[in-house]
């Protein structure tokens, strides 16, 4: 089992969510986050004064999937979140040692 974490642009969330549901993802966790990568923020002008915005708003999607679904989930997120411009985001994949569904006590892939 793997935990796929994707940091994407906020306006792409609905499109990515719909695409993941189509490929069989049954649940996800979404968080609003801020950060920066190579772009190192950007500058904005408000009432004639220039401000540096160091942390750019992003959305973090976390999806727990079986090993056999990982590649399809990565391809789906990459395809739907890509705009072709800087700041499209990143995908991280981590191993999951255990998963437990609290309501039923199920463990492993059946708990996903």
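The packing ranking of peptides 60-73, 10-23, highest mean first, is 60-73, 10-23, where packing means the average number of other beta carbon atoms within 10 angstrom of each residue. Cα-based values for the chain, radius of gyration first and Dmax second, are 16.8, 59 Å. With helices as the sole contributors, the chain gives -6000 deg cm²/dmol at 222 nm; each DSSP H run of n ≥ 4 counts as -39500 (n - 2.57), and the sum is divided by every residue.
Each label point was placed 7 Å from the Cα along the Cα-to-Cβ direction; for residue 106 and residue 3 their separation is 2.0 nm.
Relative to the longest principal axis of the Cα atoms of the chain, the long axis of helix 13-22 makes an angle of roughly 20 degrees.
Full extension of the chain between residue 94 and residue 70 yields a length gain of 7.6 nm, computed as 0.36 nm times the residue separation minus the alpha carbon distance. Working from Cα positions, state the angle (0 to 90°, nearest 10) between the long axis of helix 70-81 and the longest principal axis of the chain. Rounded to the nearest ten degrees, it is 30.
Any read-out appearing in this document is the output of simple, stated calculations on the displayed coordinates, not a laboratory observation. Everything numeric here is computed off the predicted structure, so don't read it as measured data. Neighbour counts run over all protein chains shown; Cβ positions are idealised from the backbone, glycine included.
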